[in-house]
Amino acid sequence: MEDVMKRCCWLLFPLMLQGCASYYSHYAMFPAEVSAGETRQIRLSWQTADYPSWWFVDDKATAIKMEAQCSDRIWRLRDDGDSGAGACGAGIRACGEQGLDLHAPTGVPVKGEGVQCLAIEPGQPEITIPELGEELQLLVSCSPLLVSLPDGEEEKNIDYIRASPVPYRVYVRTAPRGSLRARLPELDESVCDDE
């Protein structure tokens, strides 16, 4: 009988974890210049699971995905709680990639993964993704070495938001996951075909 009780507890445990959380989708869309000098829509998106303060599980979040209109390059910003965060500093960040990025303040191409290219709330290295509010700061410290790469007979755009010593101010929308308001706004790719 005790063995049956233990099995029941282990089967119910994941259900208890899911039932206590509130799930949200977060996104931001804003116009900004990319390194080639064109104005593009930039989209940030992520999801969170918020647990009650009395519950024994910490709030959870996916990595923050950053995309630029007309570009195939997707950045993922992670916090210290994510094993894939990379060794380029503390806080919510994305590391540069060798052969793709240039550290803008020094003009030196990225070697290894020790260069932080993107940071959210750069003045708060202890902050985690679930703690972000309705407004955030995005610091971009890198530029692409090339804005496009050969892809068969065509070119693949890998440009992204222009580096700036001053963080971008970004306003975030939050909606319960699964609701109509949680649907991500589309990046209009028709402007890419016109060029």
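The values are calculated or read from the model by the stated rules, or taken from the named source; none is laboratory data. Every value quoted in this text rests on a predicted model; they were computed, and no experiment measured them. Note: ideal-geometry Cβ built from the backbone for every residue, glycine included; neighbour counts use all protein chains shown. Each accessible area value is taken on the protein alone, full model and side chains, heavy atoms only, with ligands, DNA and RNA left out. Shrake-Rupley method; radii C 1.70, N 1.55, O 1.52, S 1.80 Å.
Here are some notes:
- Wholly within the stretch 110-195, strands (runs of 3 or more DSSP E) carrying at least 2 residues that are open to solvent by 90 Å² or more (accessible area, probe 1.4 Å), in contact (Cβ under 8 Å) with a residue 24 or more places away in the chain and under 30 Å from residue 21 (Cα atoms): 168-171
- Considering residues of the stretch 51-67 that are more than 30 Å from residue 191 (Cα to Cα) and either modelled with pLDDT of 95 or more or surrounded by 16 or more Cβ atoms within 10 Å (Cβ to Cβ) (or both) only, the residue farthest from the chain's Cα centre (by Cα): 51
- Within the stretch 152-183, if we keep just the residues that are hydroxyl-bearing (Ser, Thr, Tyr) and at pLDDT 95 or above, the residue that is farthest from residue 26 (Cα to Cα) turns out to be 164.
- Search result, residues across the stretch 21-50 that are within 13 Å of the chain's Cα centre (by Cα) and open to solvent by less than 50 Å² (accessible area, probe 1.4 Å): 25, 26, 27, 28, 42, 43, 44, 45, 46, 48
- Residues of the stretch 21-46 that turn out to be farther than 17 Å from residue 162 by Cβ and not hydrophobic (A, V, I, L, M, F, W, C), as a count: 7
- Number of the condition not met by residue 70 [criteria: (1) buried (at least 16 other Cβ atoms within 10 Å of the Cβ); (2) in contact with a Phe, Trp or Tyr (Cβ under 6 Å, 6 or more places away or on another chain); (3) over 21 Å from residue 119 (Cβ atoms)]: (2)
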